[in-house]
Amino acid sequence: MSTQKPPVLPFLPFALPEIGEEEIAEVVDTLRSGWVTTGPKAKRFEADFAAFLGDETRGERLHCVAVNSATAGLHLALEALGIGPGDEVITTTHTFTATAEVVRYLGADVRLVDIDPATLNIDPAAVAAAITPRTKAIVPVHYAGLAADMPALLAIARRHGLKVVEDAAHALPTTCGGQLVGTLGSDATVFSFYANKTITTGEGGMLVTRDVAVAQRARVMRLHGMNRDAFDRFTATVPSWYYEVVAPGYKYNLTDIAAALGIHQLKRANAFQAQREALAAAYDEALAGLPVILPPRAAVGDHHAWHLYVLRLSDGARVARDRLIEHLFAAGIGCSVHYIPLHLHPYWRDRYALMPAMFPHSQHAYERMLSLPLYTRMTVDDVQRVAVAVRAALR
Ligand SMILES: *Cc1c(COP(=O)(O)O)cnc(C)c1O
């Protein structure tokens, strides 16, 4: 006699990119073209990105600088804004280490602050309380794809003469007060095209700024501090091998192979967002009534990019977060935690003598949160399957 086993479902990964035939054809075209590093496709991707954000909005031109990661873009933005030794930059503890590490690259110090427990975004009141005479900039993160409270943060920055650089790694496309993140009036905004982000170039990022001086400095510093890039030199009407090194720059340029992916991913960004929003709504419905806190929603009329679907267990839940993750994994479902807050990592904890009690809201959320799979290649059936597994684990 054979025992009846339930059918084994394939493993549902935590994240998967969606790369189509147009992306593949564009990459092949790039490979055949003879120009594989930064060149015509990177330029086109920059122009398309500016058009996507609306380069005509409010009569101000947006400058887009393609880079090989958001980390690079954040570094370049803060460098261009003059952040250096002796300065302090305020950001959230509830983020990935890249947000803060770039401050240390420049020899400046990081002031980590707590989040608003309702939104999991940086708390403007905590920002205001952390300002010292050394403070030079604020780096908000649009956590999970939900806009941070930019009106409050920009008002604080204006009052204290601070720069604002938005970490928009999760926020394509996100709106705040009906305006796309990237056009909100900060000094710079940086998007990520890492493999699991809402659009991907494998690795890549985009620095967006209205400040022409920031854009010019970032363009020079992304390529060794050279004042003309290779494409400019080789395509000049007068052939020219000449360039000048004006600073000890970095190697942060985006390749045309990556930009080829980005050109087509960007065209699909709004459709991807609609799919993610529908999947998030399906999760909300399927998880309603459980001892969980559903992710915060965007304000009425605004868009959440839904990079992450972050579920929190209620204080009354009888299963711990780690056990829930184990249950889901046993059911063939990948999930993750975004993020282990910076104040718990040895480097940040020890450098700044940080303790969990200094960040009660981030700590409380961290102990109870997990990110469920959310990506465009999932179906509503996949969402139901995850919800059934969560429900079973919480019983
Ligand atoms: C992914 C991510 C980054 C870094 O992006 P890269 O393109 O991988 O450098 C920075 N900040 C946050 C919040 C992220 O999620």
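Things worth noting here:
- Condition broken by PHE329, with the remaining ones in (1) buried (at least 21 other Cβ atoms within 10 Å of the Cβ); (2) out of contact with any Ser or Thr (no Cβ under 9 Å at 6 or more places or on another chain) satisfied: (1)
- Looking only at residues of the range 300-326 that are assigned to a loop (DSSP other than H, G, I, E, B) and crowded, with 20+ Cβ neighbours inside 10 Å, we find that the one that is farthest from the ligand (Cβ to nearest atom) is HIS303.
- Yes/no for HIS63 being within 15 Å of the ligand (Cβ to nearest atom) and in contact (Cβ under 8 Å) with a residue 40 or more places away in the chain: no
- Checking MET355, MET378 one by one, the residue that is modelled with pLDDT of 95 or more and either buried (at least 17 other Cβ atoms within 10 Å of the Cβ) or within 23 Å of PRO291 (Cβ to Cβ) (or both) is MET378 and no other.
- For the range 72-81, the criterion of being assigned by TED's automatic domain parsing to the domain that holds ASP167 and more than 16 Å from the ligand (Cβ to nearest atom) is met by at least one residue.
- Residue match in the range 37-45 (condition: under 21 Å from the mean Cα position of the chain (by Cα) and either in the same structural domain as TYR143 (by TED's automatic domain parsing) or at pLDDT 95 or above (or both)): yes
Residues checked against (1) outside the structural domain of ASP187 (by TED's automatic domain parsing); (2) assigned to a helix (DSSP H, G or I):
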site: VAL208; (1), (2): no, no
site: ALA213; (1), (2): no, yes
site: ARG219; (1), (2): no, yes
site: ALA258; (1), (2): no, yes
site: ILE263; (1), (2): no, yes
site: GLN275; (1), (2): yes, yes
site: LEU279; (1), (2): yes, yes
site: ARG297; (1), (2): yes, no
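- A single member of ALA126, ALA155, ALA144 is in contact with a Pro (Cβ under 7 Å, 6 or more places away or on another chain) and either surrounded by fewer than 24 Cβ atoms within 10 Å (Cβ to Cβ) or within 29 Å of SER371 (Cβ to Cβ) (or both), and it is ALA144.
- When residues of the range 164-176 are limited to those that are closer than 22 Å to ILE90 by Cβ and in a loop (DSSP other than H, G, I, E, B), the one farthest from the ligand (Cβ to nearest atom): THR174
- When GLU56, GLU21, GLU60 are checked against the criterion of being modelled with pLDDT of 95 or more and among the charged types (D, E, K, R), GLU21 stands alone in meeting it.
- Residues (within 15 Å of TYR339 (Cα to Cα) and in contact with a His (Cβ under 6 Å, 6 or more places away or on another chain)) located in the range 355-395: PHE359, SER362, SER371
- Scoring GLY289 on the criteria (1) on the phi < 0 side of the Ramachandran plot; (2) outside the structural domain of ALA118 (by TED's automatic domain parsing) leaves a single failure, condition (1).
For every residue, the table says whether it meets (1) surrounded by fewer than 20 Cβ atoms within 10 Å (Cβ to Cβ); (2) away from the ligand (no atom under 16 Å from the Cβ).
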site	(1), (2)
GLY185	yes, yes
LYS197	no, no
GLY202	yes, no
PHE231	yes, yes
SER240	yes, yes
GLU244	yes, yes
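- None of ALA157, ALA148, ALA152 is free of Cβ contacts under 8 Å to residues at least 40 places away in the same chain, within 16 Å of the ligand (Cβ to nearest atom), among the small types (Gly, Ala, Ser) and farther than 15 Å from HIS63 by Cβ except ALA148.
- Number of the condition not met by ARG104 [criteria: (1) within 16 Å of the ligand (Cβ to nearest atom); (2) of a type outside the set (Phe, Trp, Tyr); (3) crowded, with 19+ Cβ neighbours inside 10 Å; (4) not in a strand (DSSP E or B)]: (3)
- Scanning the range 107-137 for residues that are in a strand (DSSP E or B) and closer than 19 Å to MET355 by Cα yields a total of 7.
- Residue in the range 205-221 that is more than 30 Å from GLY161 (Cβ to Cβ) and among the charged types (D, E, K, R) present: no
- Across the range 31-47, the number of residues qualifying as in a helix (DSSP H, G or I) and out of contact with any Ser or Thr (no Cβ under 9 Å at 6 or more places or on another chain) comes to 7.
The values are calculated or read from the model by the stated rules, or taken from the named source; none is laboratory data. Note that the coordinates shown come from a computational prediction; the quantities given were computed from them, not determined experimentally. Every residue, glycine among them, receives a Cβ derived from its backbone with ideal geometry; neighbour counts consider all protein chains shown.
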